[in-house]
Amino acid sequence: MSAAPPNPSSTATAGSSSVWSALEPHLPKVAKPARYIGLEDGAPASERAPHKVGWLLCYPDTYEIGLPNQGLQILREIVNERDDAYAERGYAVWSDLEAIMRRERIPFFSVETHTSAAAFDAIAFNLSAELTYTNVLNCVDLAGVPVRSDERDETHPLVVVGGHCTYNPEPLADFVDVVVLGDGEEVIGEITDVLREWRAEGKTAGSRPNVLRALAGVEGVYVPSLYDVAYDGPFLAEVTPRFPDVPERVEKRTISDLAEWPYPKQQLVPLTEVVHDRLNVEVFRGCTRGCRFCQAGMITRPVRERPAEQVRSMIDSGLKRTGYDEVTLTSLSTADFSGIEQTVQDVMDLDTGSAQPITLGLPSLRVDAFTVGLANKIQNARRTGLTFAPEAGTWRMRQVINKLIREEDLYGAVGSAYSQGWRRMKLYFLTGLPSETDEDTLGIAELAKNCVELGREHHKNPSVTVSVGGFVPKPFTPFQWFGQNTEDELRRKINLLKDATRKMNGVQLKWHDPRASVIEGLLSRGDRRLGRVLELVWRRGGVFQEWGEHFDEKLWLDAMAECGLDPDWYIHRHRTEDEVLPWDHLSAGLHKDFLWMDWQDALAEVGLPDCRWTPCYDCGACTGYSIEHIVASATPPAGGSQGTGQDLGAGHSVPVELTPRIPQGAKP
Ligand code: SF4
């Protein structure tokens with residue numbers, strides 16, 4: 001293995017002291033120094049004390065990407081409300097500051113008090129994207145902490161990861177101590193209890209393994225070092241616990257009632273520009289639409305809505321406190337919130353004392369009349385653009401992915417939006433989907449062209465931006481068995497679209513780099529053997545791989561070759577039903593046989609309705625945890641029609657014929 005970058009651990013600042021005096025003189029020399037100074041409204045310095053457990057909650061990307069992350073903001077508040085713990089935040093430092101820190105031996109730090117990361121009991125990372133994994137290694141190394149978990153002892157903090165990517169944490173298994181599956185609100189307290197005991201006992205020599213063992217007993221906690229992995233040739237044979245008290249299968253955590261967790265109560269207001277710079281209020285968690293490509297929808301089931309009254313009061317108090325004049329209602333599909341119509345009206349009627357009108361954002365729009373009607377209702381909304389996500393260009397393809405939007409639905413919604421004053425549309429699509437033909441791919445261009453033509457009925461220069469991503473199969477989805485398209489195939493499909501849209505006035509095409517999609521695919525379904533690859537890539541400078549200017553495919557392919565691993569085998573191979581998958585010893589609550597049957601239905605182009613409004617088909621997400629969907633109102637919204645779960649066209653309902661695979665009420 002090649003030499004590691006200089007590690008700051010050996011010098012004085014890796015302790016409990018602030019690094020500020022060493023850091024501050026260098027800030028004028030780096031880009032965006034405000035990334036590193038903290039001082040946000042809503043983030044008073046934590047109250048530290050020797051008996052308290054310290055958490056450093058990190059986002060492994062830049063401050064402006066990581067600051068708005070709601071998960072970290074929620075957990076920071078929950079920890080700081082305890083009298084036996086405190087939490088601060090850390091973000092990956094950009095390469096200009098990193099070079100200075102390594103040269104001057106300044107360790108990774110928290111932005112609140114600029115305390116060295118090594119002084120905390122746990123450094124926890126939110127993992128939202130696979131291409132940030134090498135940043136995790138870099139932050140740990142910059143903290144002066146050994147990157148491999150088996151080289152750490154009780155003088156080092158625990159390295160913890162949570163977030164959606166942890167549903168297959170195996171590529172990171174050599175580097176992390178603790179993996180948290182599912183909602184963090186409750187489990188962070190239970191982990192804190194274990195760490196408090198460890199602190200109280202003085203973290204005696206040799207005590208780290210005992211703490212890891214205790215943590216493995218906390219529901220939702222996976223400790224990779226406590227499992228043996230066996231292979232059968234290139235295939236995974238089994239992953240088994242090394243001790244009888246360590247669970248064979250780790251179940252995710254699910255909070256049953258969002259109403260009990262009205263966080264963040266003090267959303268952070270940064271001093272510098274960040275993404276999603278507005279008030280964000282989560283209206284529900286989970287999604288049961290059943291889009292087969294969507295990992296987030298699958299792993300966060302069941303649906304748990306926040307009471308509409310609580311949403312209103314969080315918006316009211318949040319806007320008044322922060323001074324924002326823009327609020328976004330966040331979820332995986334906000335138009336499905338059963339209290340949406342009244343909530344929107346209430347927001348429009350709010351008097352926050354601000355001279356500016358309130359702007360309401362509704363992300364994740366589905367194509368339905370309700371949503372467009374809603375948009376029209378928002379009198380003060382900035383009419384800069386609307387985003388829809390049909391995801392695929394033909395009805396056949398949308399049946400395969402279970403995104404059951406008819407073309408007339410899309411045209412109805414888009415036409416209504418244009419007629420109500422919107423001029424610009426953004427349409428999201430995926431390419432490289434299972435069974436996709438060129439006709440399906442070119443259907444994307446056809447839809448875009450027709451949308452622009454609709455716009456011309458209302459405006460002189462309407463525009464449609466088509467954004468195309470390369471599909472990456474994810475664990476715990478029905479597409480987890482699918483062999484991902486090669487880089488060449490993805491590029492060929494994008495070229496088809498480029499040719500088709502070149503002469504379409506008003507249509508702009510944007511696409512995701514296929515090279516990044518295949519490396520994302522490598523990590524999303526990889527096993528522990530990829531740990532060596534990750535380490536090699538990181539040691540050779542491969543950080544910020546999700547940034548176009550830093551991404552380096554050659555680093556990954558060279559490392560794979562050096563480790564004797566075949567990228568095709570990992571990325572482009574179809575898996576069989578009986579294959580042991582690297583995440584089979586973890587559970588997102590979904591029955592594997594349900595996912596397999598849904599995969600077979602996908603190939604047969606059979607749709608599956610939204611179980612929120614139809615009888616349960618026992619995917620496992622509710623039945624396994626004795627939880628049911630919690631909705632703010634008892635009646636489905638317009639888009640969540642009984643029986644079909646379909647989107648509605650603008651002003652009209654289009655019944656969609658579905659063939660439920662499982663008879664109503666029956667178990668598979
Ligand atoms: S267990 Fe039933 S109701 Fe719950 S998410 Fe699965 S299919 Fe839907």
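Residues of segment 186-209 with backbone nitrogen within less than 20 Å of a virtual label 7 Å along the Cα-to-Cβ line of Arg242, please, listed as ranges.
Under 20 Å, as judged by backbone N against the label point of Arg242, lie 204-209 of segment 186-209.
Write down the Å³ per residue value for the convex hull defined by the alpha carbon atoms of segment 401-500.
Hull volume normalised by residue count: 104 Å³.
Which peptide among 219-230, 193-204 comes first, and what is the full order, when sorted by highest mean count of other Cβ atoms within 10 Å?
219-230, 193-204
Shape verdict for segment 18-251, please, from the Cα gyration tensor: rounded (a/c under 1.5), prolate (a/b greater than b/c) or oblate.
Note, shape of segment 18-251 comes out prolate.
Which of the peptides 600-611, 247-258 is most tightly packed, and how do the rest follow, judged by the mean count of other Cβ atoms within 10 Å per residue?
In descending order of packing, they fall as 600-611, 247-258.
To the nearest 500 deg cm²/dmol, what mean residue ellipticity at 222 nm is calculated for the chain from DSSP H runs of n ≥ 4 alone, each contributing -39,500 (n - 2.57), summed and divided by the residues?
-9000 deg cm²/dmol
As a footprinting exposure proxy, order Leu271, Leu386, Leu137 by other Cβ within 10 Å, with the fewest listed first.
Exposure proxy ranking, most exposed first: Leu271, Leu386, Leu137.
Work out the length of the dipole vector of the chain about its Cα centre, built from +1 on the beta-carbon of each Lys and Arg and -1 on the beta-carbon of each Asp and Glu, and round it to the nearest 20 debye.
1440
Counting only C-alpha contacts under 8 Å and six or more residues apart, can you give the relative contact order of the chain as a whole percent?
Reported relative contact order: 14 percent.
Which parts of segment 201-242 would a label at Asp584 reach, counting a residue when its backbone N lies under 18 Å from a point 7 Å out along Cα-to-Cβ?
Within reach of a label on Asp584, which here means backbone N under 18 Å from a point 7 Å along Cα→Cβ, segment 201-242 contributes 227-242.
Among the helices of the chain (complete DSSP H runs), which have Cα atoms covering no less than 27 Å along the helix axis and a Kyte-Doolittle mean of at least -1.0?
Going by DSSP H runs, the hits are 438-456.
Every number here is computed from the coordinates shown, using simple stated rules; none is lab data. The model shown is predicted, which means the values in this text are computed figures rather than measured ones. FYI the Cβ positions are ideal-geometry reconstructions off the backbone, even for glycines, and counts take in every protein chain you see.
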